[in-house]
Amino acid sequence: MDKSDISLAVIKRLPRYYRHLEELMESGVERISSHDLSVRMNVTASQIRQDLNNFGGFGQQGYGYNVPNLHEQIAKILGIDQIHNMIIVGAGNLGRAIAGYSNFEKRGFKVMGLFDSNPALVGTQAGGHNIYPMDDFEDYIKENNVEIIALTIPREAAQEIADCAVKAGVKAIWNFAPTDIMVPDKVVVENVHLSESLMTLSYTISKMN
């Protein structure tokens, strides 16, 4: 099957498989059936088999799945078996929190540094990473093969910064700014709008009353 034909819903479930398999490996589990994995993940065994069959299946009848091997294969599918250079734009509370997350490199993402327009922050560090001036932004992307930028800035500046990043050659934008940004088709945007997530939760709990 052409990977472009695989649904977004399937792709979004792959990180969950990866996380659960990682936990199984940490517990010393070497193999698992689709049934046992389904109980652990709260999805049907049929759904698991359908999802993984998009990429070759990986299981054996009567044996199930080899946990380390499936973990490795999903890492390759997700592209996290290699390092992706990333920078964070915005060294405020959210940017600093992201910079301090210790598992990024374990997941294949290397935070190269942060950028901010506040002169008082430039030259300091966040999460062990240097904070650079925005004047160096585009050149830094080009010189360090930066593939991903995380935007943790006010919405008014998001589109301009995204345009500069695309011009410099980034492939993906992790957008925490509370706005939708426009980019060419060749650039991927993953929006993480925190207030919208909370509003979705609000809707759900309001229907429970």
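Structure data summary
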{"read-out": "Vicinal HN-Hα couplings computed from phi for the range 126-134 (Karplus, 6.51 cos²θ - 1.76 cosθ + 1.60; Hz; Gly/Pro x)", "value": "9, x, x, 10, 5, 9, 10, x, 5"}
{"read-out": "Amide H contacts under 5 Å for residue 171, placed H, 5+ residues apart", "value": "148"}
{"read-out": "Residue-by-residue Karplus 3J(HN,Hα) for the range 155-170, coefficients 6.51, -1.76, 1.60, Hz, glycine and proline x", "value": "4, 4, 9, 4, 5, 4, 5, 4, 4, 5, 5, 5, 4, 7, x, 5"}
{"read-out": "Selected from 108, 66, 33, residue furthest toward positive end of dipole (the chain; charges at beta carbon)", "value": "33"}
{"read-out": "Amide H contacts of residue 113 (H built 1.01 Å from N, under 5 Å, at least 5 apart or other chain)", "value": "88"}
{"read-out": "For the chain, calculated [θ]222 nm from helices alone, where every DSSP H run of n ≥ 4 adds -39500 (n - 2.57)", "value": "-13000 deg cm²/dmol"}
{"read-out": "The range 53-62 - phi-based ³J(HN,Hα) in whole Hz, Karplus 6.51/-1.76/1.60, Gly and Pro as x", "value": "5, 4, 10, x, x, 6, x, 10, 4, x"}
{"read-out": "Whether the range 99-179 is rounded, prolate or oblate, judged on the alpha carbon gyration tensor where a/c under 1.5 counts as rounded", "value": "rounded"}
{"read-out": "Amide H within-cut-off set for residue 64, under 5 Å, with H built and near neighbours excluded", "value": "none"}
{"read-out": "Point-charge dipole on Cβ atoms (K/R +1, D/E -1) for the chain, about Cα centre, debye to 20", "value": "720"}
{"read-out": "Global form of the range 10-132, assessed from the alpha-carbon gyration tensor, a/c cut-off 1.5", "value": "prolate"}
{"read-out": "Computed Rg/Rh of the range 74-209, alpha carbon atoms with Kirkwood Rh", "value": "1.00"}
{"read-out": "Accessible surface of the range 12-93 [probe 1.4 Å, protein heavy atoms]: carbon and sulfur percent", "value": "43"}
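The values are calculated or read from the model by the stated rules, or taken from the named source; none is laboratory data. Remember, predicted model here, so these are calculated numbers, not experimental data. Don't worry about glycine lacking a Cβ; one is built from the backbone with ideal geometry, like all the others, and counts go over all protein chains shown. Surface areas here come from the heavy atoms of the whole protein model, side chains and all, with no ligands, DNA or RNA. Shrake-Rupley method; radii C 1.70, N 1.55, O 1.52, S 1.80 Å.
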